[in-house]
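Okay, structure first, notes after.
The values are calculated or read from the model by the stated rules, or taken from the named source; none is laboratory data. All figures in this text were calculated on a predicted structure; none of them were measured in a lab. All Cβ positions, glycine included, derive from the backbone under ideal geometry; neighbour counts span all protein chains shown. Surface accessibility is based on the protein's heavy atoms, side chains included, excluding ligands, DNA and RNA. Shrake-Rupley method; radii C 1.70, N 1.55, O 1.52, S 1.80 Å.
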Amino acid sequence: MLTVAQALEMVLQNVRPLPAATATLGPDALGLVLAEDIASDLDLPPFDKAMMDGFALRASDLRDGRTELTIIEEIPAGKTPTRTVAAGQASRIMTGAPMPGGADAVVMIERCEIAGQSVRVNEPRPASGMNVLPRGREMRVGETVLRAGTRIRPQELGLLAAVGRTSAKVQPRPSVAILPTGDELVDPSQQPGPGQIRNSNGPMLVGQAARAGATPRFLGIARDEIGHLRSLIAKGLRSDVLLLSGGVSAGKLDLVPGVLAELGVKPLFHKISMKPGKPLLFGVCSPHPPPLSQEERGALVFGLPGNPVASLVCFEVFVRSALRVMRGLPPGPSQVSATLTKDLPYRTDRTLYYPVRLSHSDAGFSAEPLAWFGSPDLRGTMSANAFAVLPEGECTVRPGERIAVLRMEEID
Ligand code: AMP
Ligand code: MG
């Protein structure tokens, strides 16, 4: 059986960043990765700019810090000065307005006393350039201000707007088809009959895909019947990623592996040394035989185990990493080292993922193990924001010991 690391390596060998596409730069672009370098179309600021409300003047007029000057003009932000400031003169100026010719400094209004057409200035430390932001100080026209590979956050939206961009080439969001399988499943809106349960993995996977920056597409529930499975899987293979839930174990009605093979999906592994998550299946649907070369691509197929927490963990370890690469990001997963806060006895013959509450303080990360009875216990993960990653063996991890922890919520 492959280890988690070997299986992840195999997934990553077959993932490619998606081809770049043009995106409108609104809130939906948050989290996308730029696929082009961005150059400025102007100097910023585009003119020498006043940084304070006050008086634009010649610093050399203020030899002992004090003087009286004649007011010649008023320059609000958005207006162009019409007069040049000569020796003995000053123009009233507002924050953000262009500096008038002749002036080289702004003295803040709090240090000025206006008396009719003149102003008494008292500036103890006058200097040329004070309170003036010179043209091009932030950026020059033609200068590259953002590189391809940058993740778009609100401040990138601001900078893109400043250089006149309303759209840009980005790595698009991967499309992720979600297909839960099982005759026992009913829609969450329905009351389950005898032997039935509600489909909880479908909405959970939709949420995980959306949180991971993908566009989820729910295909409905597939019955444990070959024809129905085949038509829905064929539909799902048109997405970048197909996530199946259930039907991949060794039961008589675990029909997924056979149908995938029939539709040309080459399995790369089926079963890994992970708990929960052992029956995970991974395959690629491509005209090229795997492993794919750097130029080749195919739809990725994950057959996730039906047990909800197995499905949750397998997504976080494998699917999230694959989606990150498709989006132009490094794969992750974001694992940290944390101090355990309570006894955690365990016994496992495969790498165990155990739900914990991760918190951060001056002392670093700490992880509190939660009450949880295993892979069907989704409710037991409600306080969890991470999973402890525990090596095979039988032992009790003690408070104060360091353990590896996989975070569910992403940080940069
Ligand atoms: P399977 O992998 O199909 O053998 O399913 C394993 C367990 O997970 C069974 O108890 C299923 O009822 C349960 N299960 C499968 N699919 C779902 C789902 N979509 N939502 C909730 N539980 C599920
Ligand atoms: Mg099933």
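Here are a few things to note about the model shown:
- Residue selection: A87 fails the criterion of being small (G, A, S) and touching a strand residue (DSSP E or B) at 6+ places or on another chain (Cβ under 8 Å).
- Index of the failed condition, Y346 passing every other in (1) over 21 Å from L8 (Cβ atoms); (2) open to solvent by 30 Å² or more (accessible area, probe 1.4 Å): (2)
- Annotation for region 184-196: at least one member residue is farther than 18 Å from I233 by Cα, over 24 Å from the mean Cα position of the chain (by Cα), part of a strand (DSSP E or B) and within 16 Å of ligand 2 (Cβ to nearest atom).
- Candidates S167, S239, S245, S175: the one that is in contact (Cβ under 8 Å) with a residue 40 or more places away in the chain, more than 14 Å from ligand 1 (Cβ to nearest atom) and touching a Leu at 6+ places or on another chain (Cβ under 8 Å) is S167.
- Of all residues in region 225-248 being more than 22 Å from R320 (Cα to Cα) and not basic (K, R), the one that is most open to solvent (accessible area, probe 1.4 Å): E225
- Among the residues listed as L300, L281, the single one being surrounded by 23 or more Cβ atoms within 10 Å (Cβ to Cβ), more than 16 Å from ligand 1 (Cβ to nearest atom) and modelled with pLDDT of 95 or more: L300
- Top-ranked residue in region 50-98 [being of a type in the set (K, R) and assigned to a loop (DSSP other than H, G, I, E, B); ranked as least open to solvent (accessible area, probe 1.4 Å)]: R58
- For E316: the one exception among (1) surrounded by fewer than 19 Cβ atoms within 10 Å (Cβ to Cβ); (2) among the acidic types (D, E); (3) closer than 27 Å to P172 by Cβ: (1)
- Region 110-152: number of residues that are within 44 Å of the chain's Cα centre (by Cα) and either at negative phi or open to solvent by 90 Å² or more (accessible area, probe 1.4 Å) (or both): 19
- Among the residues of region 196-224, those identified as open to solvent by less than 50 Å² (accessible area, probe 1.4 Å), touching a strand residue (DSSP E or B) at 6+ places or on another chain (Cβ under 7 Å) and either closer than 25 Å to Q171 by Cα or more than 16 Å from ligand 1 (Cβ to nearest atom) (or both) are L205, V206, A209, A214, P216, L219.
- Failed item in (1) surrounded by 15 or more Cβ atoms within 10 Å (Cβ to Cβ); (2) within 16 Å of ligand 1 (Cβ to nearest atom), with Q191 passing the rest: (1)
- Under the condition of being within 15 Å of R66 (Cα to Cα) and not in a loop (DSSP other than H, G, I, E, B), the residues counted in region 116-134 number 5.
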